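Read the structure below first, then the notes.
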Amino acid sequence: MVRRIVAWLGGVVLVVGQAAWAAQPEFKPNYDESKVPAYELPDPLVTRDGRPVADARTWREVRRPEILELFRTHVYGRAPGRPAKLTFDVFDLDRAVELFPATATRPAGIAHVTRKQVTIRLTGQADGPSIDLLMYLPNLGRPVPVFLLLNFAGNHAVCTDPGIRLSRSWMRSSYPGVVDNRATEASRGSAASRFPLDQILARGYGVVTAYYGDIDPDFDDGFKNGVHGAFDRPDAPRPPDAWGSIAAWAWGLSRAMDYLETDPDVDSRRVAVLGHSRLGKTALWAGAQDERFAMVISNNSGCGGAALSRRCFGETVTRINQHFPHWFCENFKRYNDRESELPVDQHMLIALIAPRPVYVASAEEDRWADPKGEFLSARHADPVYRLLGTDGMAVSDMPELGQPVMSTIGYHIRPGKHDLALYDWQRYVDFADKHLGKR
């Protein structure tokens, strides 16, 4: 039996077989632009049979469905639809939570906010898989727009509020305050730096989050855990285009959206889906498929997210498939060291979001995620956005540090490392003010 090795490195779990690990040569990422291979990107505005896409109707009825199908077949896999027995249980509602004591500079109405917690029962059964949503909403007397995102460490890690239910799902013991793969009180607020709730709520937006491990624990066990175990057929072989973990997390975001459409405190026409790192890949795929999301935001999403695969810069298709074999569908492994044969690249993923606003963000020191490749992917989605009547991306060249682009395709690169930082959030709220405020 092959022994499994699990390591925690900078927010990424590695699960590999000992024999496979020993057989793999040491991976040396390319960080030299002169060594980026020559490549030709597939044209999002040419159909598979070679016809140009010259109008919105052809994009909508022909090319967009083609591209969605290509991503489902070759990259992420295909997920089931909305479960027939989906139910929602609001188990906590407090409209006077004092998260932020009033100060001379804090706006009225922010000292006390609404906290809501909801269990989404995916099969309708109490003992079946479920997702716990945590919601903080400003008390403005009207439905509010929200940012929806998955988190890495449990809802209780978002802030120190003792009213948040401690996650009951499996967690990595390397997380702060986690003992024997279970959260403890010591883990409350451990990820608060990624959730500047006071600033977001003060700007009139709510925050809705869920622990991604509620949907699918992030390790490779042959897809027996999480939602795969509940919705896959146990008596049938797994097809090569079956959904991986990223597709499962994206599917979970759509189930959260199912709930938000029923909540009178939320303006469900103005929900921005956001994700960082692997959950940035997830947010892009969720937004590409589910057009109910009014805005999509990718933060440092890298390979399999916003970065162009064909550049082979930083993390590559081979590297990501070897170390995270559960993230994508089995077909994606065909393109290990063969990126040029992919029928899609990530600019086409961004194009699927058109004409809705999309924002891609990079960090200067996060070379692993290929900031230039993330920018170029957004830039090459521009023709589709312009075909559909938007201003696309307002720049042709990659901007300098701290110079955000706020056209319908937004972008920034900031100083610093791979993280979801306050600067990122400030730009996302600015972007939402500009684009969601008009809806």
Exercise. Can you give the net charge of the other residues whose Cβ lies under 12 Å from the Cβ of R72, counting K and R as +1 and D and E as -1?
Worked result: -2
Seminar exercise, completed: With N residues in the range 228-284, Rg(alpha-carbon) / (2.2 N^0.38 Å) equals 1.41
For this session: With only Lys, Arg, Asp and Glu charged, each at its Cβ (+1 for the first two, -1 for the last two), find how big the charge dipole of the chain is about the Cα centre; round to the nearest 20 debye.
Result: 420 debye
Exercise. In what sequence, highest mean first, do 116-128, 224-236 appear when ranked by Cβ atoms within 10 angstrom?
Worked result: 116-128, 224-236
Problem set entry | Electrostatic dipole magnitude of the range 332-419 [Cβ: Lys, Arg +1; Asp, Glu -1; Cα centre; debye, to 20] | 260 debye
Problem set entry | Separation of alpha-carbon centers, the range 116-150 and the range 170-207, rounded to whole Å | 16 Å
Seminar exercise, completed: Ranked output for segments 392-401, 346-355, 131-140, 278-287 by mean other Cβ atoms within 10 Å, highest leading, reads 278-287, 346-355, 131-140, 392-401
Problem set entry | 1.4 Å probe accessible area per residue over the range 179-234, in Å² | 41 Å²
Exercise. Got a number for carbon plus sulfur as a percent of the chain's accessible area, 1.4 Å probe?
Worked result: 51 percent
For this session: Give the accessible surface of the range 248-369 per residue, rounded to a whole number of Å², with probe radius 1.4 Å and ligands, DNA and RNA excluded.
Result: 22 Å²
Problem set entry | Contour excess over end-to-end distance, with Cα ends at A394 and E261 and 0.36 nm allotted per residue | 44.6 nm
Exercise. Assuming R0 = 56 Å, what is the FRET efficiency of E98 and E26, from their Cβ-Cβ distance, to the nearest 0.05?
Worked result: 0.60
Problem set entry | In nm, spacing of pseudo-spin labels at L401 and R168 (7 Å Cα→C-beta vector) | 4.7 nm
Exercise. Of G226, L197, Y212, whose Cα points farthest to the positive end of the dipole of the range 130-270 (charges on the beta-carbon: +1 Lys, Arg; -1 Asp, Glu; origin at the Cα centre)?
Worked result: L197
Seminar exercise, completed: The extension gain from V179 to E365, computed as 0.36 nm times the residue separation minus the Cα-Cα distance, is 63.8 nm
Exercise. Roughly what % antiparallel, to the nearest 5, for the DSSP beta bridges in the range 343-434?
Worked result: 25 percent
For this session: Could you work out the relative contact order of the chain, using alpha carbon pairs under 8 angstrom and six or more residues apart, expressed as a whole percent?
Result: 16 percent
Exercise. Of all DSSP beta bridges in the chain, what percent run antiparallel (nearest 5)?
Worked result: 55 percent
For this session: Under 1.5 on a/c is rounded, so check that first for the range 86-204, then, if it is not, pick prolate when a/b is larger than b/c and oblate when it is not; a ≥ b ≥ c are the square roots of the alpha carbon gyration tensor eigenvalues.
Result: oblate
Exercise. Using alpha carbon centroids, what distance separates the range 336-389 and the range 256-317, in Å?
Worked result: 12 Å
For this session: Would you please put 404-414, 295-305 in order of how densely packed they are, using the mean number of other Cβ atoms within 10 angstrom per residue and starting with the highest?
Result: 295-305, 404-414
Exercise. Stretched out fully, how many nm does the piece from R238 to L140 gain, at 0.36 nm a residue minus the Cα gap?
Worked result: 30.5 nm
Problem set entry | the range 141-264 - charge dipole about Cα centre, Lys and Arg +1 at Cβ, Asp and Glu -1, debye rounded to 20 | 300 debye
Exercise. Points 7 angstrom from Cα along the Cβ direction at R338 and K85: gap in nanometres?
Worked result: 4.2 nm
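The values are calculated or read from the model by the stated rules, or taken from the named source; none is laboratory data. Note that the structure is a prediction, hence the values are computed from the model and not measured. Note that each Cβ is placed from the backbone with ideal geometry, even for glycine, and that neighbours are counted across all protein chains shown. Areas reflect the complete protein model, heavy atoms only, side chains present, ligands, DNA and RNA absent. Shrake-Rupley method; radii C 1.70, N 1.55, O 1.52, S 1.80 Å.
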